[in-house]
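Worksheet for the structure shown next.
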Amino acid sequence: MNNFTFYSPTYFAFGRNTEKEAGHYVRRFGGRKVLIHYGGGSIIRSGLLDRVKESLKQVNIEFAELGGVLPNPRDGLVYKGIELCRKEDVDFILAIGGGSVIDSAKAIAAGVLYEGDFWDFYNGKGQIEKALKVGTVVTIAAAGSEGSNSSVITKEEGMLKRGTNSELIRPIFSILNPELTQTLPPYQTACGITDIMAHVFERYFTNTKEVEITDRLSEAILLTMIKEAPRVMEDPDNYEARANIMWAGMLAHNNIVGVGRDQDWASHKIELELSGLYDVAHGAGLAVIIPAWMTYVMHHDINHFAQFAVRIWGCEMNFANPEETAREGIKRLKEFYTSIGMPINFEQLGAKEEDIPYMVETMGLGENETRGSFVPLTKKDMEA
Ligand code: NZQ
Ligand code: ZN
């Protein structure tokens, strides 16, 4: 196990009706004037927006509001949010929605206190040095942004999707009521499940040895998703299944299953090009990339992939031919994706083979540069 530090100071409120405490938490964490930030309207239709506003009014917190965040959130609305916060003297951002809304909120929070262009944080030209506090009310179990230090934004010009990391944008509190996810369309539920599992895979396939505890925690998340996914696809109102998936989504990405080992992230790097260029859901892009990546790199540590097949899918270990076991595990994963309605190839996703050189080029890798650590991938590998 590698040395590590772990500090993940988000305060979580989990369970039924917890969104009614949003105002209480804003006050507790020092907010005076809030920007309520949200997406395309699901929270208006469900009545959630009104409930959260009511909770702010109850504790005399003033607010401004900015809706309209698109999935794969765009820089244009971030600039608008920054301007609005400055004009209204906002000191706290409350994101109500999924990863897209939360990431947009994080970008605004950092951008408000920065003299330059907030995009500097996303193209590697600047480091976040201060940010307004961000709180969240989560409506989809997926990206894990409610407990993560990351934000991913798409620049409209060229549809470039880029991410940034900073401890300063990790939410100060996050409210997770599984009931709020019951209105999700099945496709979004499935995309979320796929993303949650991918956050584990990026950490599980590692060259670091002897990380038993972290391996076992990772496997617990994967097994939970495999158990709960069919239950929730069949009965979207199943509270217990929703609850387990929602907490798993947080655990998969606040890095508790990442510490003590090298992490990969090449699949996410590749996927961002797909959701950037085609504006498809991040989870759907991952369902295509993850099994392809596994097949491409499995020979690097065939026993690890055989372990994945045995422990996660219950495959029988073929000691004479572990590759067969490994391949069976990847096949089962693809079947699982198909069973929840995810695409598993370019055609099903709506991506085009002829766009591959463009996507690889926009990743911005130099000739000898690589991404990923399990097997460092060059541009040529990415293309393959
Ligand atoms: O905009 P509204 O109307 O709210 O509709 C949304 C949106 O269309 C809808 N939705 C959300 N909650 C709902 C609901 N519809 C009905 N009922 C509800 N309760 O779902 C759609 C997708 O929402 P989005 O926020 O885009 O989903 P998700 O949470 O999957 O976020 C995806 C974004 O997060 C980024 C992805 O790249 C992508 O841009 N990621 C962020 C990460 C992070 N910050 O740590 C890590 C991830 O790896 C990921 O890259
Ligand atoms: Zn992801």
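The values are calculated or read from the model by the stated rules, or taken from the named source; none is laboratory data. Keep in mind that this is a model prediction, so the values were computed, not measured. Note that we place each Cβ from the backbone using ideal geometry, even for glycine, and neighbour counts take in every protein chain shown.
For (1) surrounded by fewer than 24 Cβ atoms within 10 Å (Cβ to Cβ); (2) farther than 28 Å from PRO9 by Cβ; (3) at pLDDT below 95; (4) not aromatic (Phe, Trp, Tyr), each residue gets a yes or a no:
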residue	(1), (2), (3), (4)
THR164	no, no, no, yes
LEU184	yes, yes, no, yes
LEU217	yes, no, no, yes
ASN238	yes, yes, no, yes
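Evaluation of GLY276 against the conditions (1) outside any helix (DSSP H, G or I); (2) in contact (Cβ under 8 Å) with a residue 60 or more places away in the chain shows that the sole unmet condition is (1).
Here PHE346 does not fit the description of being over 19 Å from LEU274 (Cα atoms) and at pLDDT 95 or above.
A single entry from ALA64, ALA109 fulfils the requirement of being crowded, with 16+ Cβ neighbours inside 10 Å and either within 16 Å of ligand 1 (Cβ to nearest atom) or at positive phi (or both): ALA109. Residues that are aliphatic (A, V, I, L, M) and touching a strand residue (DSSP E or B) at 6+ places or on another chain (Cβ under 6 Å) were ranked within segment 123-149; the one that is farthest from LEU84 (Cα to Cα) is VAL138. Entry remark, segment 117-142: residues being surrounded by fewer than 22 Cβ atoms within 10 Å (Cβ to Cβ), in a strand (DSSP E or B) and among the polar types (S, T, N, Q) number 0 in total. Please state which one of SER150, SER100, SER145 is surrounded by fewer than 24 Cβ atoms within 10 Å (Cβ to Cβ), touching a residue at least 12 places away in the same chain (Cβ under 8 Å) and within 8 Å of ligand 1 (Cβ to nearest atom). Residue meeting the stated conditions: SER150.
Kindly indicate which of LEU274, LEU251 is within 16 Å of ligand 2 (Cβ to nearest atom), at pLDDT 95 or above, within 22 Å of VAL375 (Cβ to Cβ) and crowded, with 20+ Cβ neighbours inside 10 Å. The unique qualifying residue is LEU274.
Within segment 193-204, residues that are within 13 Å of ALA284 (Cβ to Cβ) have Cβ atoms under 6 Å from residues that are among the small types (Gly, Ala, Ser) and more than 10 Å from ligand 2 (Cβ to nearest atom) in these pairs: ILE193/ALA229; THR194/ALA287, counting only partners at least 6 apart in sequence or on another chain. When segment 175-215 is filtered for residues that are closer than 25 Å to HIS299 by Cβ and assigned to a helix (DSSP H, G or I), the ones remaining, listed by number, are THR194, MET197, ALA198, HIS199, VAL200, PHE201, GLU202, ARG203, TYR204, GLU212, THR214, ASP215.
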